[in-house]
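Engineer: Quick one: the structure is below, and I'll ask about it shortly.
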Amino acid sequence: MTTQLRQQFTGGAKAASEARLAVEDLAAILPAPVLEDVRLLVSELVTNSVKYGGEGPVRLEIKRDDDRNRAEIIDQGAGFTPKARDDDLDKVGGWGLHLVEHLTDRWGTHEGSTHVWFEIETSS
């Protein structure tokens, strides 16, 4: 069974909270631990989009297909190259992609864009 969520948000201070609310629409079909991780990661990535993505909307797409949960966050930014976090662990900020790396089964970006995706698998 495939389920899909698509939302678009204007940039600004409310985008991350609007994205978290949108993720709640999947509460009935996502196991609680997966829902919590998706909520956190979407919030982090939408925050990055607002902060670094330039003007324009932020698009969120989440697709559940059997035991695979895939989220994509797309904005109008100029693109970036993901970098491993290797600096001061006490530093505030800069944890979004680190969390994505450690809480997902797979993740990536579309080269030359600010289109970030991640997948979390669950048992059927």
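Engineer: Where residues in region 1-21 are closer than 17 Å to residue 40 by Cβ and among the small types (Gly, Ala, Ser), which of them is surrounded by the fewest Cβ atoms within 10 Å (Cβ to Cβ)?
Structural biologist: If we take residues in region 1-21 being closer than 17 Å to residue 40 by Cβ and among the small types (Gly, Ala, Ser), then 17 is surrounded by the fewest Cβ atoms within 10 Å (Cβ to Cβ).
Engineer: Within region 31-53, take every residue that is in contact (Cβ under 8 Å) with a residue 40 or more places away in the chain and touching a helix residue (DSSP H, G or I) at 6+ places or on another chain (Cβ under 7 Å) and give me the one that is farthest from residue 77 (Cα to Cα).
Structural biologist: Once the filter is applied, the top-ranked residue is 37.
Engineer: Evaluate the following for residue 6: is it among the basic types (Lys, Arg) and in a helix (DSSP H, G or I)?
Structural biologist: When the stated conditions are applied, residue 6 does not pass them.
Engineer: Among the residues of region 62-77, is any polar (S, T, N, Q), at pLDDT 90 or above and in a strand (DSSP E or B)?
Structural biologist: yes
Rundown of residues vs (1) among the acidic types (Asp, Glu); (2) closer than 23 Å to residue 6 by Cβ; (3) modelled with pLDDT of 95 or more; (4) part of a helix (DSSP H, G or I), yes/no style:
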site	(1), (2), (3), (4)
36	yes, yes, yes, yes
51	no, yes, no, yes
84	no, no, no, no
88	yes, no, no, no
92	no, no, no, no
102	no, no, no, yes
123	no, no, no, no
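The values are calculated or read from the model by the stated rules, or taken from the named source; none is laboratory data. Quick caveat, the model's predicted, so the values are computed rather than measured. Every residue, glycine as well, gets a Cβ built from its backbone with ideal geometry; the counts of neighbours run over all protein chains shown.
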